[in-house]
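The values are calculated or read from the model by the stated rules, or taken from the named source; none is laboratory data. As the structure is a prediction and not an experimental result, all values here were calculated from the model. Here the Cβ positions follow ideal geometry from the backbone for every residue, glycine too, while neighbour counts run over all protein chains shown.
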């Protein structure tokens, strides 16, 4: 079934998408339906973050299901709010939609956004939908809240503190590489089949086999913002001194944190958490595993610093690992390899998403 | 001078654009530079609104200077906050930028945004910049604030109340028509000149003459959100019972307000404020002047209702005019023409921007 968006019109589409949106936060006084949403903020402080995703730059719909895309677009915004030690409460969703998309397509996209919001107790309070000439554009702004004295920013790291991370690194990038490779294989096989005049057969025969690699695909297609880590740290009474979410790659985001805190760092190659599937994939692609983990990007894990005294407590929390420590600024920022060599950490930007599209 | 954006990189560009952004609002605790901005909100309520503008759909850079575009993109968001009887305080700015644009181009765009922010005492607190494959994408989210008991929404209009508007209508649409016509003239003349092999001469010779029509162009290229009207009403101790900003055309937005308030209306053709330049232009384009004013859109004026008792006070305020009154819902929504006939008001959507691109 395919309903043309034109049959609903712009207002009709907004109504269709936002009809009966539930409200879960007390602070959401008024959601969709007026010139602006109204949010109440007692003694909390408001956090605001925004992200824009463009088709062909940040995502490729040949392998990115719309539902996952919506989920991810919301999730990467939540991740920024958690990285301030706050909780996301509301989002606005702006969509630029080309004629290629039907109402059902946009429903798929929106259902992913709604699922992400349900999981993280977030209200959709507004947005904009507009026609686009070229492809799909998604721009989400997230409002979060946090008590004034609980905010954790990027600039609080101090010499001697532990550098910790949640989760593992490089898997989302490995997943992207897998999907890109399968796309190329599919395209060349489809071309061959077409040349032999049996294009109909082709689609059925070519089924990529991702068995056993689901984790890598999930990390790329369905990243999870680490609300659980924020809650774990609070439960353990641990307050990070600085924090950032890893979207552009561990290297780049660690350098951001160090620059803003006016410090240096040493991180240890052997301590960087990497899933074995990521390692296998890096091997298959003939790529350096550490580069994969440091520069892959889109991990949406949390990178934070804690006083050295937290060491024993951290050791008991599953899924959080110390990977190094903060030094004086003059000592620079280095990766210490397994054989004890030191290499300066470099901000290559993340290698996925925008960069791939530009190369 | 043209600096390629690639010479700065994504992070460099963000730094370049947001370097030394001044902060004017006490509530802006932290602006650009962390995962999220931090906004303090004492006893006020937070308003949030967002708008997305796409090249080729909402604007045509052949006649829309980037500086004006930035100014307008910010202004249309402020307008939504004023329409809630609040004041804009912060914005986030997300840009999708294709390779066609240089750093200087984006500086121009941003300088327009900054000018709008300075005029309306708004802080730029964050955003996102990303590469775009096709054209320019601008997505702005505005955060405003208002005391809880001062919020004016679309649903408060009651039978018997006055319907009032600020400014005049149809001029922005007239300006757009002028610009579109000149573009076509220019293109056909340039084509002719090129055929005669004197393309160099052509550009110099073809200078559109907009003398005397500056007002229409300004309404299209440099709309002004009506902060002054909100301030005037407060000074006069007049609190609208319902309010909306007119972006989609007077007809459509009046119907929105009536629907949300569960009422009907009568507005009088003779009372709709129209500038004489708009009238001249409608005549020249052989278009019905009232259609121009009712459906043109992009006026960014305020449409609001007031108790009938406010009539005398409103008469004394320059630039605010009653155009009709609210009726029972069952009586429908009608335009009363100069000769006393009644025509149902229809939501055609606005005829400019997106619709033109789709036609």
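The table for this structure:
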item: Residue among B:52, B:84 that is facing chain A (nearest Cβ under 9 Å), in a loop (DSSP other than H, G, I, E, B) and either buried (at least 24 other Cβ atoms within 10 Å of the Cβ) or within 12 Å of the chain's Cα centre (by Cα) (or both); result: B:84
item: Qualifying residues in segment B:142-171 (those that are part of a strand (DSSP E or B) and over 17 Å from the mean Cα position of the chain (by Cα)) - the one farthest from the other protein chains (Cβ to nearest Cβ); result: B:162
item: Subset of segment B:101-122 (residues that are under 30 Å from residue B:240 (Cβ atoms) and either within 11 Å of chain A (Cβ to nearest Cβ) or out of contact with any helix residue (DSSP H, G or I) (no Cβ under 8 Å at 6 or more places or on another chain) (or both)); result: B:118, B:119, B:121
item: So residue A:138, is it buried (at least 23 other Cβ atoms within 10 Å of the Cβ), closer than 24 Å to residue B:248 by Cβ, more than 10 Å from chain B (Cβ to nearest Cβ) and touching a residue at least 40 places away in the same chain (Cβ under 8 Å); result: no
item: Yes/no for residue A:125 being in contact (Cβ under 8 Å) with a residue 12 or more places away in the chain, crowded, with 24+ Cβ neighbours inside 10 Å and either part of a strand (DSSP E or B) or not assigned by TED's automatic domain parsing to the domain that holds residue A:53 (or both); result: yes
item: Segment A:87-100, residues that are facing chain B (nearest Cβ under 9 Å), in contact with a helix residue (DSSP H, G or I) (Cβ under 8 Å, 6 or more places away or on another chain) and either assigned to a strand (DSSP E or B) or surrounded by 24 or more Cβ atoms within 10 Å (Cβ to Cβ) (or both); result: A:93, A:95
item: Qualifying residue in segment B:181-198 (condition: modelled with pLDDT of 85 or more and part of a strand (DSSP E or B)); result: no
item: Total residues in segment A:76-86, condition touching a helix residue (DSSP H, G or I) at 6+ places or on another chain (Cβ under 8 Å) and within 11 Å of residue A:226 (Cα to Cα); result: 3
item: Among residues of segment A:317-347, those that are within 28 Å of the chain's Cα centre (by Cα) and without any contact (Cβ under 8 Å) to a residue 24 or more places away in the chain, counted; result: 3
item: So residue A:253, is it in the same structural domain as residue A:226 (by TED's automatic domain parsing), under 18 Å from the mean Cα position of the chain (by Cα) and surrounded by fewer than 20 Cβ atoms within 10 Å (Cβ to Cβ); result: no
item: Of residues in segment A:32-48 being under 27 Å from residue B:253 (Cβ atoms) and in contact with a helix residue (DSSP H, G or I) (Cβ under 8 Å, 6 or more places away or on another chain), the one modelled with the highest pLDDT; result: A:40
item: Breaking point among (1) assigned to a loop (DSSP other than H, G, I, E, B); (2) out of contact with any helix residue (DSSP H, G or I) (no Cβ under 6 Å at 6 or more places or on another chain); (3) at pLDDT below 95, for residue A:357; result: (1)
